[in-house]
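Here the structure is laid out as structure tokens; the discussion comes afterwards.
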Amino acid sequence: MSGAEAAATGRALILGAGSAVAEALAEQLAPQGWDLILAGRHRDVLEPIAADVALRFDVEAAVWEFDALDLAGHAGLASRIAADCGDFDLVVCVFGYLGDQQRVRDNTDEMTRTLGTNFTGAAVVLGHLANYLEERQRQAGESSLPGGAPPGIIGITSVAGDRGRQSNYVYGAAKGGLALYLQGLRNRLARGRLHVMTVKPGFIDTPMTEGMEGLFLVASPQRVATDILRGYRRGRDVMYTPWFWRWILLIIRLIPERLFKRLSL
């Protein structure tokens, strides 16, 4: 490792840090020299993860209580976190809510939670955090971050957002909306040298998918985390993980609607 790489420092804010993918990301960011802020609803889940990462990799790992549905609190979130945990250069939005695919059809609370968590909450908080990153970039200028990564945002959406399917169209609509939002945010922030990457994972082996029927080509959280960080360092705008989902979804998107609506997907 060169002297420039050894001196590189940065702090990553992970939203939804209690998930399996988020934990895998933390365990791969820390060895590169990233300090971490693990944000999520359950402090008792996050604290052991933070303590383990800090001890194993000799980095700072703070914990912050965060609820995606607390929309009123998103406006001042960045300044509160920075004041308590330090400035950050990278935001990783991992949180999501799959929801009950049957209840969401006629239960307003379930539909609201699914849409609110996966789209509204994510869009609102990322909008405010983008403002913070823009201002930080203006003040700090170009800096050397671990692994040669650029400052910016990684947003986790889903392959479910590429086409509406009867089995999960509410979840898919929210994730598809988030992907479109991230595309606009990427366009807005590009001139300020902030990078926004949209990640579209397929099925992942996590507690959220445990027991689901019809799963295939399931990837491990560690595989997904590796793909995400490699793609971000390379400046990818949109990436599917694992890679083959790009081609699977291309085929699905090319199916004519008159035929697609007859399929039980």
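With respect to being among the hydrophobic types (A, V, I, L, M, F, W, C), at pLDDT 95 or above and buried (at least 19 other Cβ atoms within 10 Å of the Cβ), L185 fits the description. On the stretch given as region 44-102, residues that are on the phi > 0 side of the Ramachandran plot and without any contact (Cβ under 8 Å) to a residue 60 or more places away in the chain total 1. Candidates are the residues of region 134-158 that are surrounded by fewer than 20 Cβ atoms within 10 Å (Cβ to Cβ) and within 30 Å of I248 (Cβ to Cβ); the one that is modelled with the highest pLDDT is P150.
Count, please, the residues in region 124-163 that happen to be assigned to a helix (DSSP H, G or I) and hydroxyl-bearing (S, T, Y). Selection size over region 124-163: 1. From the list L29, L90, L77, the lone residue that is touching a His at 6+ places or on another chain (Cβ under 7 Å), over 30 Å from S167 (Cα atoms) and of a type in the set (A, V, I, L, M) is L77. Flag: T120 matches the condition of being touching a Leu at 6+ places or on another chain (Cβ under 9 Å) and not acidic (D, E). The residues listed here are D100, D87; of these, the one that is farther than 18 Å from G16 by Cα, modelled with pLDDT of 95 or more and of a type outside the set (S, T, N, Q) is D87.
The condition of being free of Cβ contacts under 8 Å to residues at least 40 places away in the same chain and crowded, with 18+ Cβ neighbours inside 10 Å does not hold for G164. Among the residues of region 227-244, those that are out of contact with any strand residue (DSSP E or B) (no Cβ under 7 Å at 6 or more places or on another chain) and touching a residue at least 24 places away in the same chain (Cβ under 8 Å) comprise L229, R233, F244. Counting just the residues of region 201-213 that are under 14 Å from A160 (Cα atoms) and in a loop (DSSP other than H, G, I, E, B), which one comes out modelled with the lowest pLDDT? Looking at residues that are under 14 Å from A160 (Cα atoms) and in a loop (DSSP other than H, G, I, E, B), I get T209. Take P146 and decide whether it is of a type outside the set (F, W, Y), touching a Phe, Trp or Tyr at 6+ places or on another chain (Cβ under 8 Å), in contact (Cβ under 8 Å) with a residue 40 or more places away in the chain and over 20 Å from R113 (Cβ atoms). Judged against the criteria, P146 is a match. The number of residues in region 98-119 that are assigned to a loop (DSSP other than H, G, I, E, B) and either within 15 Å of D70 (Cα to Cα) or out of contact with any Ser or Thr (no Cβ under 9 Å at 6 or more places or on another chain) (or both) comes to 3. Residues in region 106-133 that are among the acidic types (D, E) and either crowded, with 18+ Cβ neighbours inside 10 Å or at pLDDT 95 or above (or both) were compared, and the one that is nearest to L180 (Cα to Cα) is E110.
Just one of the listed residues (Q183, Q166) is in a loop (DSSP other than H, G, I, E, B) and not acidic (D, E), namely Q166. The set of residues in region 236-247 that are surrounded by 14 or more Cβ atoms within 10 Å (Cβ to Cβ) and either aliphatic (A, V, I, L, M) or in a helix (DSSP H, G or I) (or both) comprises V238, M239, W245, R246. Just so you know, in region 103-127 the residues that are free of Cβ contacts under 8 Å to residues at least 12 places away in the same chain and among the β-branched types (V, I, T) include one that is farthest from L185 (Cα to Cα), and it is T108. Against the conditions (1) over 21 Å from V224 (Cβ atoms); (2) of a type in the set (A, V, I, L, M); (3) more than 18 Å from the chain's Cα centre (by Cα), L77 satisfies every one except (3). In the set (1) closer than 17 Å to V92 by Cα; (2) at pLDDT below 90, L263 fails one condition alone, (1).
The values are calculated or read from the model by the stated rules, or taken from the named source; none is laboratory data. Everything quoted here is computed from the prediction, not taken from an experiment. Please note: Cβ atoms are built from the backbone with ideal geometry, for glycine as well, and neighbour counts cover all protein chains shown.
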